[in-house]
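Down below is the structure, laid out as structure tokens.
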Amino acid sequence: MGQERTGQYLTRKSYYYALYHQHDDLKNTGYDWRNNSMKKSLSGYLLADSKRLSIVEQFQVFIAYIMDYASNIKKAMNYTADKNYKYLN
């Protein structure tokens, strides 16, 4: 969300970010692809076996990492979006 600091400092949103976005009412924030994109795109036959399901779940973590990294690139190249904007699809 806002500017967050980690380590020995307190983690909080900046006051500017909180004031600027306090009245945001986002209706369409996109699809939750982090948890179930592989399960929705693959057939039920592949997910029926427990060994295959564990492999698919490991791939899901990797795919979520790649998609998060791609959204960071989209935020870096989009000059109209805030760098901490998290609803970019």
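Observations on the structure shown:
- Scanning segment 59-86 for residues that are touching a Gly at 6+ places or on another chain (Cβ under 8 Å) and part of a helix (DSSP H, G or I) yields no hits at all.
- Top-ranked residue of segment 19-58 - restricted to ones that are among the charged types (D, E, K, R) and assigned to a loop (DSSP other than H, G, I, E, B), ranked as farthest from SER71 (Cα to Cα): ASP49
- Among the residues of segment 68-82, those identified as under 12 Å from the mean Cα position of the chain (by Cα) and surrounded by fewer than 13 Cβ atoms within 10 Å (Cβ to Cβ) are ASP68, TYR69, ALA70, ASN72.
- Residue, surrounded by the most Cβ atoms within 10 Å (Cβ to Cβ), within segment 18-38, restricted to residues that are within 11 Å of the chain's Cα centre (by Cα) and either under 20 Å from ALA81 (Cα atoms) or of a type outside the set (Asp, Glu) (or both): TRP33
Every number here is computed from the coordinates shown, using simple stated rules; none is lab data. Computed from a predicted structure; not experimentally measured. Cβ: placed from backbone, ideal geometry, glycine included. Neighbour counts: every protein chain shown.
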